[in-house]
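Step one of this worksheet: look at the structure below.
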Amino acid sequence: MTDLSSPSVVPPSGPRREIVRVRHELKRRTLRVVRTHSLSPRMLRVTLAGPDLAGFTSLGFDDHVKLFFPATDGNEVARDYTPRRFDPQALELDIDFALHQAGPATAWALQAQAGQEIVVGGPRGSFVVPPDFDWHLLAGDETALPAMGRRLSELPEGARAFVFAEVDGPQDRITLESRAAVEVRWLYRGETGPDGLADAVRGFTPPPGDGHGWGACEAAAARGLREAVAALGLPKAQMRVSAYWKRGAVAFHEEQAG
Ligand SMILES: Cc1cc2nc3c(=O)[nH]c(=O)nc-3n(C[C@H](O)[C@H](O)[C@H](O)COP(=O)(O)OP(=O)(O)OC[C@H]3O[C@@H](n4cnc5c(N)ncnc54)[C@H](O)[C@@H]3O)c2cc1C
């Protein structure tokens, strides 16, 4: 089984710790659902497959693909999702859906059954963060768990990662596998308040050395999280905190470094 952790994610000739943006040819692929698997009551893994996945390239753990869903007016709507795992032999792609109350993506995931078709576009580009920083901070809510889980699965032995993951409660914890030394702190909404992620990062004392900070969550929480990550003293180029959704808005995405 191969996942997206191929060593080729590190630019072979680039200087150490250079963060690289890579563009990909934009392709639309028609795939089929092969199976679904519940990771937690709020997280559903949908495995897609099909010959169109030949040549699929995703070099960055926070890449995204666009999934196209039928809208009620007969048109199409697109939502962004993380390619959680790609198997180039089986031509399979896992997408992990954080289930919430309403929205075409959530509705589609909840009814997904083997054999159904879905159109997937991208990824259009990758942001490749080398794995050899002295430490890695990953902070986010359920929508960030696929990217954080993928990053942990790709980090090599010897790497150090500190994870802050915000979910509703203990039932929403998922297994995060890694060869790296990982410390995970689960934050439960209701116990921590609206700025739980930012508060946790503010209380984090990074180890010595050169680190990289990454985060993604709801837009209002992302503002505080960005400030908290910046306050660790990381250069702008070594941090990236994104809004993966916005309360009350559909299909929202905002990226920002420092
Ligand atoms: C780069 C990127 C990668 C992403 N990767 C993933 C991923 O791998 N897995 C994943 O689950 N999500 C991921 N997301 C987030 C996902 O795209 C959004 O949550 C999206 O809005 C869901 O679409 P929807 O059709 O279900 O809801 P929408 O139609 O977009 O929204 C309907 C309503 O639900 C609210 N809403 C949207 N998302 C959530 C949520 N998570 N919790 C509570 N309320 C919500 C909105 O504010 C709105 O009021 C990613 C986003 C980005 C930008």
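Taken over region 166-184, residues that are under 17 Å from the mean Cα position of the chain (by Cα) and charged (D, E, K, R) amount to 4.
Among the residues of region 76-89, at least one is within 13 Å of the ligand (Cβ to nearest atom), of a type in the set (Ser, Thr, Tyr), closer than 29 Å to Gln171 by Cβ and buried (at least 21 other Cβ atoms within 10 Å of the Cβ). Scanning region 239-247 for any residue that is closer than 21 Å to Ile19 by Cα, within 15 Å of the ligand (Cβ to nearest atom) and touching an Asp or Glu at 6+ places or on another chain (Cβ under 6 Å) turns up at least one such residue. Quick one: would you say Arg202 is within 16 Å of the ligand (Cβ to nearest atom), farther than 22 Å from Ile95 by Cα and not assigned by TED's automatic domain parsing to the domain that holds Asp62? So Arg202 does not fit the description; no. Residue pairs whose Cβ atoms lie under 9 Å apart, separated by 6 or more positions or on different chains, with the first residue in region 88-117 and under 19 Å from Gly248 (Cα atoms) and the second loosely packed, with under 13 Cβ neighbours inside 10 Å and among the hydrophobic types (A, V, I, L, M, F, W, C), are Phe97/Leu110; Leu99/Leu110; Gly103/Val250; Pro104/Ala71; Pro104/Val250.
Taken as a whole, region 115-132 holds no residue that is touching a helix residue (DSSP H, G or I) at 6+ places or on another chain (Cβ under 6 Å) and basic (Lys, Arg). A Cβ distance below 6 Å, combined with a sequence gap of six or more or placement on separate chains, defines the contacts here; from region 19-30, residues that are closer than 9 Å to Arg124 by Cβ and loosely packed, with under 13 Cβ neighbours inside 10 Å reach residues that are modelled with pLDDT of 95 or more and not hydrophobic (A, V, I, L, M, F, W, C) in the pairs Arg23/Gly125; Leu26/Arg124. The lone criterion from (1) under 17 Å from the mean Cα position of the chain (by Cα); (2) assigned to a strand (DSSP E or B); (3) within 8 Å of the ligand (Cβ to nearest atom) left unmet by Phe69 is number (1).
The values are calculated or read from the model by the stated rules, or taken from the named source; none is laboratory data. None of these values were measured; they are calculated from a predicted model. Heads up, the Cβs are rebuilt from the backbone with ideal geometry, glycines too, and the neighbour counts pull from every protein chain shown.
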